[in-house]
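To keep things clear, I will list the structure first and then write my remarks on it.
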Amino acid sequence: MLEGILTRRHVGMRMKITVKALVSAGIIALAVILPQLVHLAAGATGGAAWLPMYLPVLIGGCLLGPVWGLSVGVLSPIVSFLFTLAFGNPMPAASRLPYMIVELAVFAAVSGAFSKIIAKNKYTAFLAVPSAFVAGRAAFLLLAVIFQTVSPLSFAMAWAQVQSGLIAVAVQCVIVPAVVIALSVFFDRAEE
């Protein structure tokens, strides 16, 4: 979506990269801060129940496309882990980090694959987000199956985590498209 906006404004390649890098950095920062706020408000289990890191990553995929979205999906949990490790309580936990990297990368890449379609029809964001959730959660469960003999995360634990976040998934399937549509409308009006 962002690519289309920048192209219509005849922005050069160097400026496109700068804008996308700044937007990516902002989304990654939000993906670090939002879970901290949820943990403060909802306690230690708030993250598993409300999936706060997923929200900015999905928005990032829809806005930035698959390549930049993928990088946001990979970097968000890594930056969060390193930032919170400095304060003695890493989030996500080290044992969960590889799973989140893959899951969020899939979320962002899949929602990013819809980016050009969203630029043409903003309401397809309502298809992009559930598709990303299905693909990302499937990747998470597949990893749990593959690595359950060498990881503390069994398939049963992974399935329980998927189930505990179902309300958050439903909420984000509404919030993320609403934000993407609002941004699309804002940029469309700014171009007039």
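The values are calculated or read from the model by the stated rules, or taken from the named source; none is laboratory data. Keep in mind the model is a prediction, meaning the values are calculated, not measured. Cβ placement follows ideal geometry from the backbone for every residue including glycine, while neighbour counts extend to all protein chains displayed. The protein model used for the area step is the full one, side chains on, heavy atoms only, and it has no ligands, DNA or RNA in it. Shrake-Rupley method; radii C 1.70, N 1.55, O 1.52, S 1.80 Å.
Given springs between every Cα pair under 10 Å in a Gaussian network model of the chain, which of 79, 32, 11 has the largest fluctuation?
11
Have a look at 160, 50, 17 and report the one farthest towards the positive end of the charge dipole of the chain, computed about the Cα centre with Cβ charges (Lys/Arg +1, Asp/Glu -1).
17
How big is the charge dipole of the chain about its Cα centre, in debye rounded to the nearest 20, if each Lys and Arg gets +1 on its Cβ and each Asp and Glu gets -1 on its Cβ?
Dipole magnitude for the chain comes out near 360 debye.
In percent, what relative contact order does region 56-151 have, based on Cα pairs under 8 Å that are 6 or more apart in sequence?
For region 56-151, the relative contact order is 34 percent.
Which one, 12, 46, 69, has the greatest fluctuation when you compute a Gaussian network model over the chain with C-alpha springs under 10 angstrom?
Per the Cα network of the chain with a 10 Å cutoff, 12 tops the list.
How much length would be gained if the chain were fully extended between residue 163 and residue 186, taking 0.36 nm per residue of separation minus their Cα-Cα distance, in nm to one decimal?
Computed gain between residue 163 and residue 186 is 4.8 nm.
Ignoring ligands, DNA and RNA, what percent of the 1.4 Å accessible area of region 132-186 is carbon and sulfur?
Whole-percent figure for carbon plus sulfur exposure: 83.
Could you tell me the center-to-center distance, by alpha carbons, between region 1-49 and region 169-192 in angstrom?
Spelled out, the Cα-based centre of one part sits 14 Å from the other.
Taking the Cα-to-Cβ direction at residue 156 and at residue 7 and moving 7 Å from each Cα, how far apart do the two end points lie in nm?
So the two model labels end up 5.1 nm from each other.
Specify the residue with the greatest mean-square fluctuation among 100, 157, 13, computed from a Gaussian network of the chain linking alpha-carbon atoms under 10 Å apart.
Comparing 100, 157, 13 in a Gaussian network model of the chain, the most mobile one is 13.
What does the helix-only formula give at 222 nm for the chain: each DSSP H stretch with n ≥ 4 adding -39500 (n - 2.57), the total divided by the residues, and the result rounded to the nearest 500 deg cm²/dmol?
Counting only the DSSP helices, I get -26500 deg cm²/dmol.
Excluding ligands, DNA and RNA, what is the solvent-accessible area per residue of the chain at a probe of 1.4 Å, expressed in Å²?
Accessible area per residue: 50 Å².
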